[in-house]
Amino acid sequence: MRIVWYLLLLSLCPVGAGLSPAQDDPVNYDEAKVPTYDLPDPLVMEDGTRVETPDQWYKHRRPELVRLFEEHVYGRTPKQSLEIRAVVMNECTAFAGRALLREVDLIVPRKPDGPIRLLIYSPVGAQNPSPAFLALNFMGNHSIQPDTQIKLSTQWIRDRAGHGIEENRATEASRGKLSSRWPVEQILTRGYALVTAYYGDIDPDFDDGFANGVHPALGSASGADRKPNEWGSIGAWAWGLSRALDFLEGDALLDAGRVALLGHSRLGKTALWAGATDKRFALVISNNSGCGGAALSRRCFGETVARINHVFPHWFCERFRAYNGRESDLPVDQHQLIALIAPRPVLICSAEEDHWADPQGELLATRAAAPVFRFLEAAPPVHRLRAGKHDVTAEDWTAYMDFADREL
Ligand code: GCU
């Protein structure tokens, strides 16, 4: 009887109405319970035509896949361009004069909650413009180093015990609290610049019906007026990464042609989507990105489409909810997201104990993306599995930089 009611409810529920029946389901961590599934072939068009030439990939299949991810997963990013002003707020040295530290505000017209503030560290005395890592941060620029020269974020920040955030605002106690994830000195010593911004500067990470962040600046609808394919927060964060790159293109100290895009967890999902949609990023690294990132949705292992849509209803487009518990009906899976970055180098990083993000699903997606890279005569994407938990470690950074040294 329950099942009948449930089916009835589902049939009454229009696509995108947000029913998340799986929210109370137990999470599957058992390989034996992974459903059997067929992955959509990245090299076969929706009408069944096989992609035979790179030209067909670039002109037809690639745009088709981008459109499918826009329509069914992340939503469409508005194409209109905005007059964004860049204002240098701070310029000083750091690390005993070995680095230049700059903070630059990107002022987005009609964005209600302030600028997107870039924090840029670049090596002093470099002969040539430096290659750079670009990565959003979770808690404000000031949280990546205990340097009082960095301006304290005044934005809404998710409360986090022991991290100096009170009532969703940063306090002095939050300075440097995430520095273990940001070995800035080591990055500079290896000749890279580091560019970061607080992701909440682009769009605060809570469900407010899309009234804050860059959504209203780009004319997004909210509430009942929202279309099934309108962009969510991941789309917005990815848009912000592209605006950071716009700024770097005019910065003489950095080589915008050698920017490695990096993201951890939800920001790893974001880095993959940004790398897929903006071909200027020279290299892409996702760390522990999991569901909606590098992990195959069809495996339903760890976090599922239903759970992510229920807990984070603002991350994806509304239509993505139609696939709650129906992953095999998705016209795409996440290996195709990785494939969209080809032929540029991609590194997918997983952690053994990070079952929620499904390390095996990330490995299988990396492998299933490889045929596209080979087809384009590029090196296949690399999967890296390390011991330990969901996190970014100094050892991870060594692997990122070794990869970038080789590939950039
Ligand atoms: C939650 C979420 C994940 C996400 C992670 C993070 O665990 O379920 O999808 O990757 O947060 O961003 O830290």
For region 2-407, what's the relative contact order in percent, using C-alpha pairs closer than 8 Å and at least 6 residues apart?
18 percent
Close Lys-Lys pairs in region 2-407, where close means Cα under 29 Å and separation is 8 or more or interchain:
23
Across N90, N141, N324, the residue with the highest GNM fluctuation in the chain (Cα network, 10 Å cutoff) is N90
What FRET efficiency comes out for T393 versus R190 if R0 is 22 angstrom and r is the Cβ-Cβ distance? Round to the nearest 0.05.
0.85
Can you give me the angle between helix 2-12 and the longest principal axis of the chain, using Cα atoms only, in degrees from 0 to 90, rounded to the nearest 10?
70 degrees
At a 10 angstrom cut-off on C-beta neighbours, averaged per residue, how do the peptides 162-168, 296-302 rank from highest to lowest?
296-302, 162-168
Step through the residues of region 171-188 one at a time and calculate ³J(HN,Hα) from phi using the Karplus curve (6.51 cos²θ - 1.76 cosθ + 1.60, θ = phi - 60°), rounding each to whole Hz and writing x for Gly and Pro.
10, 3, 5, 8, 4, x, 5, 10, 5, 5, 8, 9, x, 4, 4, 4, 5, 5
What is region 100-217 by shape, rounded, prolate or oblate, if you read a ≥ b ≥ c off the alpha carbon gyration tensor as root eigenvalues and call it rounded for a/c under 1.5, prolate for a/b larger than b/c, and oblate otherwise?
oblate
Which shape class applies to region 135-287: rounded if a/c is under 1.5, otherwise prolate when a/b exceeds b/c and oblate if not, where a ≥ b ≥ c are the square roots of the Cα gyration tensor eigenvalues?
oblate
Quick check: Cα centre of region 194-260 to Cα centre of region 265-334, how many Å?
17 Å
Trypsin sites (Lys or Arg not before Pro) restricted to DSSP loop in region 60-92 with at most 13 other C-beta within 10 Å:
K79
How far, in degrees from 0 to 90, does helix 359-375 lean away from the longest principal axis of the Cα atoms of the chain, to the nearest 10?
90 degrees
Applying the gyration tensor rule to the Cα atoms of region 288-408 (axes a ≥ b ≥ c; rounded if a/c under 1.5, else prolate if a/b exceeds b/c, else oblate), the class is oblate
GNM, the chain, Cα, under 10 Å: largest mean-square fluctuation among E52, E249, E303?
E52
Cut-off 10 angstrom, C-alpha nodes, Gaussian network model of the chain. Which of G219, G275, G240 fluctuates the most?
G219
Gain in span if fully extended, F206 to D41, counting 0.36 nm per residue against the direct Cα distance
55.9 nm
Residues C92 and V27, FRET efficiency given R0 of 45 Å [Cβ-Cβ distance, rounded to 0.05]
0.45
Region 2-407, accessible area per residue, ligands and nucleic acids excluded (1.4 Å, Å²):
41 Å²
Between R169 and residues 5 or more places away or on another chain, the pairs with built amide H atoms under 5 Å apart involve I157
With label points built 7 Å along Cα→Cβ from the Cα atoms of R326 and A224, find their separation and express it in nm.
2.4 nm
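The values are calculated or read from the model by the stated rules, or taken from the named source; none is laboratory data. Everything numeric here is computed off the predicted structure, so don't read it as measured data. Note that we place each Cβ from the backbone using ideal geometry, even for glycine, and neighbour counts take in every protein chain shown. What goes into the accessible areas is simple: the full protein's heavy atoms, side chains included, and nothing from ligands, DNA or RNA. Shrake-Rupley method; radii C 1.70, N 1.55, O 1.52, S 1.80 Å.
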